[in-house]
Amino acid sequence: MPKNKVQDALRQRKQTEAKITQESGAVEEPAYQCFFRPDDIPSPLETGVLCTLPLLRLNGFPGHEEHFPLYTGERLDDMVESIRRYGVQSPILVWKTPDGSYIIVSGHNRVNASIIAGLSTIPAVVRTDLAQEAAEELFFEMNFRQRSLADMLFSQRVLCVSAHYNMMKRQGRRTDLETEQTSPDTQEKSHTDAKIAQEYELTRDKVFKYCRYATLYRPLLLLMGHEKVLGQLAAYEISFVTDHSLQECIYQAIISGGKTISTAKGKTLRSLFEAGKLDEAQIKLILLKSGAAPKQNAGRRVSVTISPAFESYFPKKATAKQIEETIQKALALYFQTGVS
């Protein structure tokens, strides 16, 4: 279907839903907030083909449940009831992969609710022009826009902000997030990070760090929201260990040790990696070592003033250490002979 016809079809669906909302008081489905929201980024639906797909042919996006759990309870019940009464008014977005699989990019809850409602098909816009990276960024971007920032896990916020930044970056905008420090002149010429920061109410520094966190091995990123096992400062340093096989080793060591990773250890890992000296053995040494060896129990010490009657047993100029050693030998000999 040509691009303008897709747009017309989507607008028509929106008008139909708006009419139903006005007449019945039904709540507008939040997906339209991203499909028709004014933005510098072209709608992800504009370059797709609008069609009807069998629900059984659809596959969830990898990791969807991990990052965006499906609705449950009253929220799910309301969506199921709405779909039973009015159908699915806004199409889902699907990525058709080169091997012919249909992967849901946006619309997992509508698909789940449609299955519960007893439907067999669903309206969808199918994209065939996506690479894996672009599909993943769209997945986070569109799911993020349908949710409140405050309601999201830390890992969700990180991945969605990073995805939005990368999408804007691919539109040809300049960016100064490639380096840690930038000159004032460069900052004036770059607007992407400032725009993202303003939109999500974050500082530019926070946007930069979110983009760093997003490069982490996924299980490592998830640890940042798990009882603060991996703090943001330590995670920032580890993000510069760009070899994901080493990041996986770091994750395994953290899990095995069961301890919070300090910023100092994160800096050590980064330093060794940048020097080309970081390997699995070094990671285990840094993250699993227990620190200084525990002090040996010194035992109970007793101070004794020696009576003049015992002075003959020790040299006149004997030191305290010499006197102690003599007493130890005498006592050892005494108990060895079994004298009581």
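The values are calculated or read from the model by the stated rules, or taken from the named source; none is laboratory data. It should be emphasised that the depicted structure is a prediction, and the values quoted were computed from it without experimental measurement. Please note: Cβ atoms are built from the backbone with ideal geometry, for glycine as well, and neighbour counts cover all protein chains shown.
Of the residues contained in region 115-131, one or more are found to be out of contact with any Pro (no Cβ under 6 Å at 6 or more places or on another chain), within 23 Å of ARG218 (Cβ to Cβ) and not assigned by TED's automatic domain parsing to the domain that holds LEU153.
Of the numbered criteria (1) more than 16 Å from ARG57 (Cα to Cα); (2) touching a Lys or Arg at 6+ places or on another chain (Cβ under 8 Å); (3) at pLDDT below 95; (4) not charged (D, E, K, R), the one ALA117 fails is (3). Close contacts from region 247-266, counting a first residue that is surrounded by 13 or more Cβ atoms within 10 Å (Cβ to Cβ) and a second that is of a type in the set (Lys, Arg) and modelled with pLDDT of 90 or more, with Cβ to Cβ under 7 Å and a gap of 6+ residues or different chains, come to ALA253/LYS284. GLU201 fulfils the conditions (1) modelled with pLDDT under 85; (2) surrounded by fewer than 15 Cβ atoms within 10 Å (Cβ to Cβ); (3) on the phi < 0 side of the Ramachandran plot except for a single criterion, (3).
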